[in-house]
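Colleague: Below is the structure I would like to discuss, written out as structure tokens.
The values are calculated or read from the model by the stated rules, or taken from the named source; none is laboratory data. Worth saying up front: this structure is predicted, and the values here are computed from it rather than measured. So basically every Cβ, Gly included, is an ideal-geometry build from the backbone, and we count neighbours across all protein chains shown.
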Amino acid sequence: MVEAKLEFIFSEITDPRIERNKRYPLLSIIGIVVFGLLGGMDNFTEIEIFAETREEELKKVLNLSAGIPSHDTIRRVLLMINPKHFHECFIRFIESLTLLNTKQIAIDGKVSKNSGSNPLHFVSAWCKENGLVLGQVKVDKKSNEIIAIPTLLSTLNITGCIISIDAMGCQRKIAQQIIDGNGDYLLALKKNHRELYENVVASFENNELITNKYVEYDKGHGRRERREYRVITDVDRICKSHDWPGLKSIIMVISKRTINEKISIEQRFYLSSVVENAKQMGTYIRSHWGIENELHWTLDVTLKDDKTCIRNNYIAENMIILRRLILNILKFGKNPKDYLPGARIRCGSIKYATQMLLKSASLYA
């Protein structure tokens, strides 16, 4: 059963080895890596030891007639597989979860710091409602996020979704693509759009234009914060002046933060095709921060994304894709009462990891 599910997930991958080097089945090698990553292993040596100590359990779900491959063999195989094929498998897995509720999709970039002299940089799409990574696109440099975001959007079903993006994605073409895809946008606006930025700031100086406000308070770890959200829906003049597609509201956030009696005040501005009250817009804005706090932080702390030193870009990219697949399996398959590190500990049991894998793959045809 597990082998059949793995075969379906990784069906896009063809074995790149020549015939005489196929001692270990490709699916078994990939399966060992998947179980190792689920069980908390972070490098090929650890994965080999993990598999050796659980060989009898793994034999029940994988073809291990040739035994456990060495960490060097695992590494060589992943070196030969084109990351494009792993990414197609990742998308195939996500498409099987289309029944899941998706309201807001946050898009942001992340650099894998230890992936060589030219660190790998990905733009990812993250679903707030279920904490799943919905897709990702590799970019060469930070500036290329403008190119990568439309490519990523084209792989997603955004109908009825709110797409939130930081200032890098605040572009007319991106806004139009979201509208054309029957979605809505929430885009951070900064001074790189100088004239538009100045017009938005000037709009909020006229209190009569403000539709509604909402204030919330937050505190913790010696920090106190007051956030005020202001919304303007009378945006006809801005739409005409700047030809911004689908614009229906502009939002201002005023954050007053007190840390050790030192006060700092920050103002942020957003463009949106959504008309909601200030409280709801505040919820969307805070939810976008989740891609940093819940995705990037989890990848770095729980899955050691920034601490695994792999210098070959093919291997590094394949492992980055696999870690995001593993994160989705953990998120979708774990007991709701478990936290992620605890779920990885439980996956030290092949039986438990098998149940989690089957549950997360249960929507496959």
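Colleague: Exactly one of (1) closer than 20 Å to Tyr284 by Cβ; (2) within 30 Å of the chain's Cα centre (by Cα) is unmet by Val235. Its number?
Modeller: (2)
Colleague: Same structure again: Does Ile146 satisfy the criteria of being in contact (Cβ under 8 Å) with a residue 12 or more places away in the chain and under 14 Å from the mean Cα position of the chain (by Cα)?
Modeller: Values: in contact (Cβ under 8 Å) with a residue 12 or more places away in the chain: yes; under 14 Å from the mean Cα position of the chain (by Cα): no.
When the stated conditions are applied, Ile146 does not pass them.
Colleague: Additional query: Which members of region 312-355 meet the condition of being polar (S, T, N, Q) and either in a loop (DSSP other than H, G, I, E, B) or assigned by TED's automatic domain parsing to the domain that holds His121 (or both)? It would help to see each step written out before you state the result.
Modeller: Here is the first cut: in region 312-355, the ones polar (S, T, N, Q) are 312-313, 318, 328, 335, 349, 354-355.
Within region 312-355, Asn312, Asn335, Ser349 meet the criteria.
Colleague: Evaluate the following for Ile163: is it at pLDDT 95 or above, assigned to a helix (DSSP H, G or I) and farther than 28 Å from Thr258 by Cα?
Modeller: When the stated conditions are applied, Ile163 does not pass them.
Colleague: Could you tell me whether any residue of region 31-46 is free of Cβ contacts under 8 Å to residues at least 60 places away in the same chain, surrounded by fewer than 22 Cβ atoms within 10 Å (Cβ to Cβ) and of a type in the set (S, T, N, Q)?
Modeller: Yes.
Colleague: Right, here's the next one. Only residues that are part of a loop (DSSP other than H, G, I, E, B), of a type in the set (D, E, K, R) and surrounded by fewer than 19 Cβ atoms within 10 Å (Cβ to Cβ): list them for region 49-91, please. Give the steps one after another, and end with the answer.
Modeller: Of all residues in region 49-91, those part of a loop (DSSP other than H, G, I, E, B) come to 54, 59-70, 81-82.
Add one more test, that the residue is of a type in the set (D, E, K, R), and what stays is 54, 59-60.
Once the filter is applied, which keeps residues that are part of a loop (DSSP other than H, G, I, E, B), of a type in the set (D, E, K, R) and surrounded by fewer than 19 Cβ atoms within 10 Å (Cβ to Cβ), region 49-91 yields Lys59, Lys60.
Colleague: Can you say whether Asn144 is at pLDDT below 85, over 27 Å from Tyr339 (Cβ atoms) and assigned by TED's automatic domain parsing to the domain that holds Met281, as far as the supplied structure shows?
Modeller: Yes; evaluated as a whole, the condition is true for this residue.
Colleague: Mind telling me which of the residues Ala106, Ala66 ends up being of a type in the set (A, V, I, L, M, F, W, C), modelled with pLDDT of 85 or more and outside the structural domain of Gln355 (by TED's automatic domain parsing)?
Modeller: Step by step, each of Ala106, Ala66 is checked, and only Ala106 is of a type in the set (A, V, I, L, M, F, W, C), modelled with pLDDT of 85 or more and outside the structural domain of Gln355 (by TED's automatic domain parsing).
Colleague: With respect to Asp180, is the statement that it is under 30 Å from the mean Cα position of the chain (by Cα), surrounded by fewer than 16 Cβ atoms within 10 Å (Cβ to Cβ) and modelled with pLDDT of 95 or more true?
Modeller: Judged against the criteria, Asp180 is a match.
Colleague: Next question, about the same structure. Would you mind finding the one in Arg237, Arg194 that is farther than 13 Å from Ile250 by Cα, surrounded by fewer than 16 Cβ atoms within 10 Å (Cβ to Cβ) and not polar (S, T, N, Q)?
Modeller: Every option except Arg194 fails the conditions.
Colleague: What pairs come out if I take residues in region 172-197 that are closer than 16 Å to Ser272 by Cβ and pair them with residues that are of a type in the set (D, E, K, R) whose C-beta lies under 8 Å away, six or more apart or interchain?
Modeller: From residues that are closer than 16 Å to Ser272 by Cβ, the pairs are Arg172/Asp243; Ile178/Asp184; Ala188/Asp166; Ala188/Arg268; Tyr197/Lys190; Tyr197/Lys191.
Colleague: OK, next. Restricting to region 257-277, give me the number of residues that are in a loop (DSSP other than H, G, I, E, B) and touching a residue at least 24 places away in the same chain (Cβ under 8 Å).
Modeller: Number satisfying all stated conditions: 6.
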